[in-house]
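Here's the structure we're looking at; comments come further down.
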Amino acid sequence: MANFSRFKVSCLANSTTRTFGRGSKTFEYRGHLLTRTYATATKLKEHVHDETYDVVVVGSGAAGLTAAFVAAFGTNLRVLVAEKTKYYGGTTAYSGGGLWIPGNPKMAELGMSDSRDRIETYIRQILGDDAYQEDLISPFLDSGPKMVKWMEENSAVRFVGVPAPDYHMDREGSAFGRTMMTEPYDGRRLGSSLVKQVRYPLQGMCAFGSMQTDLSKVDTWKRPFGSWENFTFCSKSLARYALDQLRFGKGAALYNGNALIGRLLESVRREGVDLWNNAAALEPLGASGRIEGLVIRKDNTDIRVRATKAVVLATGGFGRSVEWSRRLLPNADWSASPRGNQGDGLRIGATVGGNLPPSNGDNALWSPISQYVPRKGPVRAFPHLALDRSKPGCIIVDGDGRRFANESAPYQPFGHATHAAGVRKEFLIGDRKFLRTYGMGMALPAPYPIGHLLRKNYILQAPTIPKLAKRLGIDPAQLSSTVNRFNQFAQQGKDEDFHRGEAIYDQGYGDPNVQPNPCLAPLAKPPFYALPLYPGNVSTLYGLETNGNAQVLDSTGKAIQGLYAVGADQNSIMKGFYPGGGSTLGPGMVFGYRAGLHLSGRL
């Protein structure tokens, strides 16, 4: 027999009215609300199994797993984490695993200091008075250092301080060291079954499909025979990877965002948290103003799961939802977030009365995206955040063969420049020295082979710049002029057009061995390569309105009973601005921590 469900989701839209659709789905845009109403017919099995938990967390990224762990730790609460896809980890597993936590205790270990006045000054400099929301920023700053200390004392999570700069070091109150990384993790501690279910890192962030490494060891891998120490490290790593492949079918030495997820999974499992994968949250149980549970489709069976205390939405945002993205983003077609990030949290929250606030200055974290089209399977996306485009010996041009921005700028400002220039397709261009020294997207540096990427036209190659231009459909004279002008800048060490390499951030991601400007080197050694890029995003920043405890608010500002939103389902506390590396993961874990404490009565 069929179970029919209807719901409405409201979000920002324009003031026109349009209705379109087909079959059982209709979409109506009216006034300043987008109303989506549809009926779905789902054939249920004869026996529908009801489950009861105290807390149900929807999504398994760092924010959701933190909320689950904190809720379960030292309590008798029964907690469930429901992950829509086969793999745990969400966007976090793709990321570098960095967290922006001002005043974090790791700064002192680096010999650095911070102060509340300095932090608040810097955030106000970035956000401006209109976007600075005291009732969210203050809890974040209060709980950030506490979260770090508490997690290290009570969980398997271990952080590492790094002397990374804030993204706007020209602003008052900026500092080094506010971004932390995660210590590497031995995934064998999860056991054969669970380590296989950790989301794979992005191709281009690993070798041989799943062999990961510490980013600080990239230079060691480039020169495996450069020293006995290099040879020993690379040999041991390869031997370890071979053994892991035999045992697990993948690499189990986890780094970066994968390490953070591995550590959180060990922690929640230790506290008895139940983990369901292939478990999509379909709709809420309860009425407007409160939530009592969810209908979850687990392995093709619809299960009514009651949540006696709380539901925590941590589904990763809407980066892969065409409908949501077309309304809220300038480009809906390119995202490096997991395919399961379809806006489920926003939909569920809005269904029970959660408020979707006015649009942020930026509704997503921007990044150029390259795409690899394999012979079989889905298209793979790679975000070009910093590791290649910041290095000397490359430029990025638009479809006319002209530079339009500082290639080494932080990803959010680079995205602004891309949108302002109206660029819909761009090209990362470098010579052989650049490609084999630093890599280009999924093409790793030498000695890693790149022939398969050339054959698939992921990277395009030509013996000269004019011939490369013809392959790209660009006027050869224009591209040659652009390259020649850039090469002159590189020779003198000063980019007169976009000031590349002058900012502290630029220099931090350049090559310190290249002087006088670590971000500039001529494109001179053939053959030449081009990598097509598209203006996309790595994570959405627009979500449900919440208070300082991550409780979802209705349109009157009242907290909805039992409903929390963290990570990308919580509207960005920075309103889309990005003060430093890890400005999504940092607030995500802090408010996951606060949500867990609050729903368990400890905050």
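Every read-out reported here was derived from the displayed coordinates using simple, explicitly stated rules and does not represent laboratory data. Since we're looking at a predicted model, the values are computed, not measured. Every residue, glycine among them, receives a Cβ derived from its backbone with ideal geometry; neighbour counts consider all protein chains shown.
Can you grab the distance from the C-alpha centre of the stretch 391-441 to the C-alpha centre of the stretch 455-505, Å, no decimals? The stretch 391-441 and the stretch 455-505 have Cα centres separated by 9 Å.
Can you tell me the mean projection area, over all orientations, of the convex hull of the stretch 328-446's alpha carbons? Units nm², please. Mean shadow area of the hull around the Cα atoms is 9.3 nm².
Distance from the alpha carbon centroid of the stretch 311-351 to that of the stretch 521-538 works out to 29 angstrom. With the cut-off at 1.5 for a/c, could you classify the stretch 367-537 from its C-alpha gyration tensor as rounded, prolate or oblate? Rounded shape, in that the Cα axes give a/c under 1.5. For E283, nonlocal amide neighbours, meaning residues 5 or more places apart or on other chains whose placed amide H falls under 5 Å from its own, are V295. For the stretch 298-350, what does the alpha-carbon gyration tensor say about shape, rounded, prolate or oblate, given a ≥ b ≥ c as the root eigenvalues, a/c under 1.5 as rounded, and a/b over b/c as prolate? Cα axes put the stretch 298-350 in the prolate bin.
Among beta bridges identified by DSSP and lying wholly in the chain, the antiparallel ones come to about 75 percent.
The amide H of R158, built 1.01 Å from its N in the peptide plane, has E183 as neighbours under 5 Å, considering only residues 5 or more places off or on other chains.
Let me have the 222 nm mean residue ellipticity of the chain computed from DSSP H runs of 4+ only, each contributing -39500 (n - 2.57), with the sum over all residues rounded to the nearest 500.
-9000 deg cm²/dmol
Semi-axis lengths, largest first, of the ellipsoid equivalent to the stretch 438-511 are 25, 21, 9 Å, with √(5λ) applied to each eigenvalue of the Cα gyration tensor.
For the chain, averaging the sequence separation of C-alpha pairs within contact (under 8 Å, six or more residues apart) and dividing by the residue count gives a relative contact order of 20 percent. Straight-line reach from K149: taking Cα to Cα under 20 Å and skipping same-chain neighbours fewer than 8 places apart, the aspartates and glutamates in range are E109, D114, E183, E266, E271. At full extension, R306 and Q125 could sit 60.7 nm farther apart than now, given 0.36 nm per residue minus the alpha carbon distance. Going from the fewest other Cβ atoms within 10 Å to the most, the residues H168, H452 appear in the order H452, H168. Pairs of Cα atoms nearer than 8 Å and 6+ residues apart set the relative contact order; for the stretch 146-188 it is 35 percent. Cross-link partners for K86 among the lysines, with Cα-Cα distance under 21 Å and sequence neighbours closer than 8 places in the same chain left out: K196, K250, K298, K376. Charge tally for W150 (other residues, Cβ to Cβ under 12 Å; Lys, Arg +1; Asp, Glu -1): +2. Shape descriptor for the chain: Rg over Rh equals 0.96 (Cα atoms; Rh from the Kirkwood inverse mean 1/r). For K433, a cut-off of 17 angstrom between C-alpha atoms picks up these aspartates and glutamates, skipping any fewer than 8 places away in its own chain: D219, D388, D511.
Treating only the Cβ of Lys, Arg, Asp and Glu as charged (+1, +1, -1, -1), what charge dipole size does the chain show about its Cα centre? Round to the nearest 20 debye. Mind showing how you got there, number by number?
Numbers: 71 positive and 53 negative charges, 467 e Å.
Taking the Cα centre of the chain as origin, the dipole is about 2240 debye.
Using C-alpha pairs under 8 Å with a sequence gap of at least 6, the mean separation divided by the residue count of the stretch 367-537 gives a relative contact order of 34 percent.
Between S115 and E496, what's the calculated FRET efficiency when r is the beta-carbon distance and R0 is 41 Å? Round to 0.05.
The computed FRET efficiency comes out at 0.60.
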